[in-house]
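Encoded as structure tokens, the structure appears first; notes follow it.
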């Protein structure tokens, strides 16, 4: 394996615990919808793959790997014409403080020594920056991109290739770290080393065919890199 000089991280399910962070957000968004179109709440919840009673997402939920635009498309048939679901979702996302994965702060500090770090998410850029600021970790990242930053969204490699263009890093010396197949597909398409983590909703078996390694969480990356 080539020496890894740069690492790109997904956000939700990778830096932040997906289930612990986004269940409450989904309830808040549905509560907002209930004030506008109360009869649509159940259908929207089903369309986006969320159980509002248990406050859990189904493993194939569009929210897990899709962008806010993808979620809006999935729910559009049940909402009034002109309802701006993306703005509602982004507003509540910016206000949310996500739950960090175990060892987040230590891992970023260790992995950033001698390496360039980036964040590439299918979330919107404004909530992504707000979530990093909420935990005072923005300074670790030399590049931050959301699906709306102008470089496309995963599983396409545009965001990852823009990271390389912006930082001068080579794709072959860069690792993409994520918890979903979209993350790893983007990494493979960009010609990067791919590292799967299990702090999202995907099981290891769903990531193995696309990952050079599957680890419990990002706290294990430094050890794997040292041993490789």
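The values are calculated or read from the model by the stated rules, or taken from the named source; none is laboratory data. Note that the structure is predicted; figures quoted are calculated from it, not measured. Virtual Cβ from ideal backbone geometry, glycine too; neighbours counted across all protein chains shown.
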Would you check which residues across region 13-40 are surrounded by fewer than 17 Cβ atoms within 10 Å (Cβ to Cβ) and outside any helix (DSSP H, G or I) and list them?
37
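Table: residues versus (1) assigned to a loop (DSSP other than H, G, I, E, B); (2) modelled with pLDDT under 95; (3) surrounded by fewer than 16 Cβ atoms within 10 Å (Cβ to Cβ).
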site	(1), (2), (3)
59	yes, yes, yes
63	no, yes, no
81	yes, yes, yes
106	no, no, yes
118	no, no, no
123	yes, yes, no
Going by what's in this entry, would residue 179 be described as over 21 Å from residue 202 (Cβ atoms), buried (at least 18 other Cβ atoms within 10 Å of the Cβ) and within 17 Å of the chain's Cα centre (by Cα)?
no
Suppose the filter is in a helix (DSSP H, G or I), without any contact (Cβ under 8 Å) to a residue 40 or more places away in the chain and out of contact with any strand residue (DSSP E or B) (no Cβ under 9 Å at 6 or more places or on another chain); does residue 43 pass it?
yes
